[in-house]
Amino acid sequence: MATESSNILEVQDLTMHFPVRSNGLIRRVTGHVQAVDGVNFSVPAGGSLGLVGESGCGKSTTGRMVARLLKPTRGEIRFEGDDIANLSSRELKPLRRHIQMIFQDPYGSLNPRQTVGAIVATPMEIHKTVPEKNIKARVQELLEFVGLNPEHYNRYPHEFSGGQRQRIGIARSLALQPKLLVADEPVSALDVSIQAQVINLLQEVQREFNIGFLFIAHDLAVVRHFCPEVAVMYLGRIVEIGDRDTLYNRPLHPYTQALISAAPDVAQAAVGGRRERIRLEGDVPSPINPPSGCRFRTRCSLAKDICAKVEPPLLQVAPRHKVACHFAGELGKVPTRPVTADFLGVDDAGNPVAGKQPMPGLESPDFRDTWFDLPPQG
Amino acid sequence: MTMTPHEDRVVGEQLLTVKDLRVHFKTHDGMVKAVDGLSYDVARGQTLGIVGESGSGKSVSSLAILGLHRNTNATVTGEITLGGVELLTLTDEEMRRKRGRDVAMIFQDPLSALHPYYTVGAQIAEAYRIHNDVSKSAAKKRAVEMLGLVGIPQPDRRVDDYPHQFSGGMRQRAMIGMALVNDPGLIIADEPTTALDVTVQAQILDLLQKLQKEFNSAIIMITHDLGVVAEMADEVLVMYGGKAVENGPTNELLVHPQMPYTWGLLSSVPDITSDPNLPLRPIPGNPPSLLSPPSGCAFHPRCTFAARVPDNLCSTTVPALEQIEGKTFHLSRCHLRDPEAVYHNEVLAEGPAGASAIAAQVAGVLPNAPRHLDAEGGES
C-alpha cells in the first residue's frame, strides 16, 4: 500500500519552459521551448524510477530540475513532503546534501586540476558533515567502496580510465550520504564490459545506503535491468509509466510500443528472426510549437479527431500502470471509441459536451488504490 | 604464416579478403600495435559485424581497407584483396579511384562527416562526378535520386539544403546515399547508429538491409552494440587487443560462444528480455594498453579461466585462431579445453542476465519476454 511517506520524491505538474529570444539589441522573447510540460511521478524511498525517451524528450531537464540545478517554470517538487521547487539558493544549500547527481560524461564532470581526493572531499568540506581531520579517512573509505585503490587519492582524473572516473563521480555523489541520486545516463559513455561494472556498483550503492534513484537513460534494456518502475517521455510529457513487466510486455501507448519494438534484441536474433518493428514516420516535432492535443498524434497511426483537440490525461489503468492515450490498448487491440472521453467531458470527436465538466484531479504523482478499468478489448 | 580462415566454409565469391593485416603506429612512447595479424573475409551480399571495445582495433583495421593510413606514421602490412585486386600495393592515385567507387564508408557522426559549407546535394553529386564523367545537372539528378532512395521526403527540394537543416537521422540517410551513389561492392559502416535514437536507429538499420538486398553489396558493420550486430550481421568477428579472438556465423557465435571474452560481452549486457533479477557479470579490469600489451593472450589478465590452463600457457603463448572441431565455420583464439562445456555448465549456471536470455530463447522458455506481435495483432 503506497502511503504519503513511502515516497522520497513526488513531482506534480513539473514544467520547464526555456525562453527563446530574438537576435539583436532588445532580445525579445519570441517563444518558449517547452522542454518539460506538466509531468507527474514519484520515486519511492530506496527505490528507483527509470526515465526513458529519445533525445529532446525532456528527461535530462526533468532530472536537472529535481536536483534543482534548474528552477522550474511551474509545478511542485516535493522532497520528503516539502516543496523545493521555489527555494532560493541559500535555502537549497542544506538540501543539496540529500539530493546528488551522477553525470553522463566522466571526463567533463571532474575538475582536471583537482586531485581525486579533493574532488571527493569538497562536498564534505562545504557542508561540514565530517570533522576536518577525518575527511581523508572518509575519502579513502569512499574510494575503496567504489572499487578504487584508496592510495590513489592524490592522483588526478586524467590518470584514470573512463570507468574509473565514473566511479570517482559516484564516490563524490555518495560523500554526503544523500537520500536521492539523479543518475543522468550514468553508463552510456562507457565500454560495454565496463557498463556492467558500474551498473552493479550502483545497485550495491542502492542496497547498502537505501538511496532512491531517478535513473535517466536511453538504453531500454539497461533501464529495465535497473528500475522496477519506468516512465516513458515524449516531447516533454510522460506518455506511460508502470512497473517494468507491464510496461515492457504489455505497453498500452503506441509510442511505447514503437520504442520497445525498435530496441535491438540479442536473444531474439540469436535464434534467427527479429521482432516486427513498428515504424514511426517523420521526426519529433519542435518543442517550441508542439502539436495541439496529444503531442504524439502527428506520428501516431491511431490518431483521430479527438487527439488533435484534447490532450489525453495520464490515467491510471492498473495498480501500477498509467497511460496517456485516448486509444490506449495492447498492440493490435485498439479500442473503437476513446477511453478518455467520459472523464474529459467531451464526445468521441473531442468536442465539449454541454453541461459536462472534465473530472478534476485525474493526474497525480502517485499511484492510487482505485483506478480506471480500460474497456474490454478483443 | 597464420592460417587462412574459413577454408571449409561454403560461400559465394569472397569480395574482400584480409590476410594477416598489421597496422602499427610509431609514437614517442613506442610502437602501438593497433591491429596485429587480422584475417577475415566477406562475400557479396553478406554482412560482417566487427565487435570490440574502444582500442580493440576495429576501426583502424577498416580505415586500412580504404587506404586512409597512407602518408601517416602508420605501417600497414599484410594483404587486403578487394574484388581480386590487392589494395596495399596500389599507388595513391589508383587507390583514390577505388575509394568511393568500389568501397565506401559511413561514419558514426554524420554532422562532422558532412561538410557544413556545401549543400547535401552538392556533396553527393561531387562523389558521383569524381568517378563518372557526367555533367553537373546529371550528377544533381543522381543526387536527388539517391536522396529519394534513402527515404528523404521531397528529395528534389531537400537536395539544396545544408546539413544543418537535416535532422540526425536524415543526415545519416544522406551519408548512406552518398556512400551508395557509385554502387560500391563494399560498404564499411563504422558505428553508423551509435549517435542516433533507438527508433531512428531501427529506421537506418532497416534501410541498410533493404539497400543491401537491392545493390547486393557486402557490408562491414563496426559496432560495440551486440544487439545491432545480432540483428544485422550474417557473421561476427570479435576483436580484442588488435586481434580477432572469435569469428563465426552470428547465431552460432551467440548461442555457442567459445572464447571467454565473448562470454564476458554476452554476460555483461542486459537484454530487453532478460530477467531483471539476474545479475550482470562484468568483465573485470580494463581493456589492455596497446603500447605494452600483456604477454601471451591479450585477454589473460582479465580472464577468469586462465588459471585452468596448465603451464601458464595463457600468459606465455599467444593462442592461434583455430577452427572449432565439429563446426563448419567457427574460429576461436583460446587455450581453454572444451570451452563449450565450460560455457554451458559454469558461465550460464551463474545466470548472467544477457547470456541467460539467449539460452532461454533457444530453449523456448521466456517468462518475461515482450510478446512479439505484428501490426495486425497476431503473434509472430
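Go through the range B:306-325 and count every residue that is modelled with pLDDT under 90 and either under 24 Å from the mean Cα position of the chain (by Cα) or within 14 Å of chain A (Cβ to nearest Cβ) (or both).
Number of matching residues: 0.
If you scan the range B:21-73, which residues turn out to be charged (D, E, K, R) and either farther than 30 Å from B:LYS213 by Cβ or in a strand (DSSP E or B) (or both)?
Answer for the range B:21-73, where residues must be charged (D, E, K, R) and either farther than 30 Å from B:LYS213 by Cβ or in a strand (DSSP E or B) (or both): B:ARG22, B:LYS26, B:ASP29, B:LYS33, B:ASP36, B:ASP41, B:GLU53, B:ARG70.
State all residues of the range B:303-331 that are without any contact (Cβ under 8 Å) to a residue 12 or more places away in the chain and among the acidic types (Asp, Glu); if no residue qualifies, say none.
Across the range B:303-331, the qualifying residues are B:ASP311, B:GLU325.
Hey, does the range B:242-261 have a residue that's within 8 Å of chain A (Cβ to nearest Cβ) and crowded, with 24+ Cβ neighbours inside 10 Å?
Yes; the residues of the range B:242-261 include at least one that is within 8 Å of chain A (Cβ to nearest Cβ) and crowded, with 24+ Cβ neighbours inside 10 Å.
Does A:PHE343 fit the bill of being of a type in the set (Phe, Trp, Tyr) and surrounded by 19 or more Cβ atoms within 10 Å (Cβ to Cβ)?
no
A:SER188 passes all but one of (1) under 22 Å from A:VAL43 (Cβ atoms); (2) not in a loop (DSSP other than H, G, I, E, B); which number fails?
Answer for A:SER188: the failing condition is (2).
Would you check if there is a residue in the range B:135-146 being assigned to a helix (DSSP H, G or I) and hydroxyl-bearing (Ser, Thr, Tyr)?
Within the range B:135-146, one or more residues are assigned to a helix (DSSP H, G or I) and hydroxyl-bearing (Ser, Thr, Tyr).
Within the range A:196-219, can you find the residues that are in contact with a Gly (Cβ under 9 Å, 6 or more places away or on another chain) and under 25 Å from A:ALA258 (Cβ atoms)?
A:LEU214, A:PHE215, A:ILE216, A:ALA217, A:HIS218
Residue by residue through the range B:153-207, note down the ones that are within 13 Å of another protein chain (Cβ to nearest Cβ) and touching a Gly at 6+ places or on another chain (Cβ under 7 Å).
Within the range B:153-207, B:ARG173, B:ALA195, B:LEU196, B:VAL200, B:GLN203, B:ILE204, B:LEU207 qualify.
Within the range B:275-305, how many residues are more than 14 Å from chain A (Cβ to nearest Cβ), over 24 Å from B:ALA353 (Cβ atoms) and not hydroxyl-bearing (Ser, Thr, Tyr)?
Counting residues in the range B:275-305 that are more than 14 Å from chain A (Cβ to nearest Cβ), over 24 Å from B:ALA353 (Cβ atoms) and not hydroxyl-bearing (Ser, Thr, Tyr) gives 6.
Scan the strands (runs of 3 or more DSSP E) fully inside the range A:1-66 and keep the ones with 1 or more residues being out of contact with any helix residue (DSSP H, G or I) (no Cβ under 7 Å at 6 or more places or on another chain), free of Cβ contacts under 8 Å to residues at least 12 places away in the same chain and hydroxyl-bearing (Ser, Thr, Tyr).
By residue number, A:29-44.
Could you go through the range B:307-315 and let me know if any residue there is touching a strand residue (DSSP E or B) at 6+ places or on another chain (Cβ under 6 Å) and not acidic (Asp, Glu).
no
Taking helices (runs of 4 or more DSSP H) that do not extend beyond the range A:209-310, which have at least 1 residues that are open to solvent by less than 10 Å² (accessible area, probe 1.4 Å) and in contact (Cβ under 8 Å) with a residue 60 or more places away in the chain?
It comes to A:220-226, A:244-249, A:254-262.
Could you list all residues from the range B:75-105 that are open to solvent by less than 40 Å² (accessible area, probe 1.4 Å), under 21 Å from B:SER217 (Cβ atoms) and small (Gly, Ala, Ser)?
B:GLY100, B:ALA104
Of everything in the range A:347-365, what is over 22 Å from A:GLU240 (Cα atoms) and of a type in the set (A, V, I, L, M)? Give them in sequence order.
Answer for the range A:347-365, where residues must be over 22 Å from A:GLU240 (Cα atoms) and of a type in the set (A, V, I, L, M): A:ALA349, A:VAL353, A:ALA354.
Starting from the range A:337-355, take each residue that is closer than 17 Å to A:LYS304 by Cβ and part of a loop (DSSP other than H, G, I, E, B) and list its partners that are open to solvent by 50 Å² or more (accessible area, probe 1.4 Å) and among the aliphatic types (A, V, I, L, M), counting only C-beta distances under 9 angstrom and pairs at least six apart or across chains.
From residues that are closer than 17 Å to A:LYS304 by Cβ and part of a loop (DSSP other than H, G, I, E, B), the pairs are A:ASP347/A:VAL353.
With the condition kept exactly as written, say whether any residue in the range A:216-236 is more than 9 Å from chain B (Cβ to nearest Cβ) and among the hydroxyl-bearing types (Ser, Thr, Tyr).
Yes, the range A:216-236 contains at least one residue that is more than 9 Å from chain B (Cβ to nearest Cβ) and among the hydroxyl-bearing types (Ser, Thr, Tyr).
Give me the pairs: first residue in the range B:159-184 and on the phi > 0 side of the Ramachandran plot, second residue part of a helix (DSSP H, G or I), beta-carbon distance under 9 Å, and six or more apart or on different chains, which are they?
B:ASP183/B:PHE215
Can you confirm whether the range A:157-164 contains a residue that is within 11 Å of another protein chain (Cβ to nearest Cβ), open to solvent by 30 Å² or more (accessible area, probe 1.4 Å) and within 19 Å of A:VAL120 (Cα to Cα)?
yes
If you take the residues of the range B:162-197 that are more than 24 Å from the chain's Cα centre (by Cα) and part of a loop (DSSP other than H, G, I, E, B), which of them is modelled with the lowest pLDDT?
Step by step, filter the range B:162-197, then rank; the result is B:SER167.
Does the range A:172-180 contain any residue that is more than 14 Å from chain B (Cβ to nearest Cβ), part of a loop (DSSP other than H, G, I, E, B), among the basic types (Lys, Arg) and open to solvent by 50 Å² or more (accessible area, probe 1.4 Å)?
Checking the range A:172-180: at least one residue is more than 14 Å from chain B (Cβ to nearest Cβ), part of a loop (DSSP other than H, G, I, E, B), among the basic types (Lys, Arg) and open to solvent by 50 Å² or more (accessible area, probe 1.4 Å).
A quick yes/no check of all residues on (1) outside any helix (DSSP H, G or I); (2) closer than 27 Å to B:GLU191 by Cβ; (3) β-branched (Val, Ile, Thr):
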site	(1), (2), (3)
B:ARG96	no, yes, no
B:MET105	yes, yes, no
B:ARG129	no, no, no
B:ASP160	yes, no, no
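Pairs only if they're at least six apart or on different chains, beta carbon under 7 angstrom, first in the range B:338-355 and outside any loop (DSSP other than H, G, I, E, B), second open to solvent by 70 Å² or more (accessible area, probe 1.4 Å); list them, first residue then second.
From residues that are outside any loop (DSSP other than H, G, I, E, B), the pairs are B:GLU350/B:ARG281.
Output the residue which, of all residues in the range B:214-226 that are more than 8 Å from chain A (Cβ to nearest Cβ) and in contact (Cβ under 8 Å) with a residue 40 or more places away in the chain, is most open to solvent (accessible area, probe 1.4 Å).
The qualifying residue most open to solvent (accessible area, probe 1.4 Å) is B:ASN216.
Go through the range B:305-322 and count every residue that is touching a helix residue (DSSP H, G or I) at 6+ places or on another chain (Cβ under 7 Å) and assigned to a loop (DSSP other than H, G, I, E, B).
Counting residues in the range B:305-322 that are touching a helix residue (DSSP H, G or I) at 6+ places or on another chain (Cβ under 7 Å) and assigned to a loop (DSSP other than H, G, I, E, B) gives 1.
The values are calculated or read from the model by the stated rules, or taken from the named source; none is laboratory data. Just so it is clear, the structure is predicted and the values come from calculations on it, not from any experiment. As a convention, Cβ positions derive from the backbone with ideal geometry for all residues, glycine included, and neighbour counts pool all protein chains shown. Please note that ligands, DNA and RNA were not included when accessible areas were found on the heavy atoms of the full protein model with its side chains. Shrake-Rupley method; radii C 1.70, N 1.55, O 1.52, S 1.80 Å.
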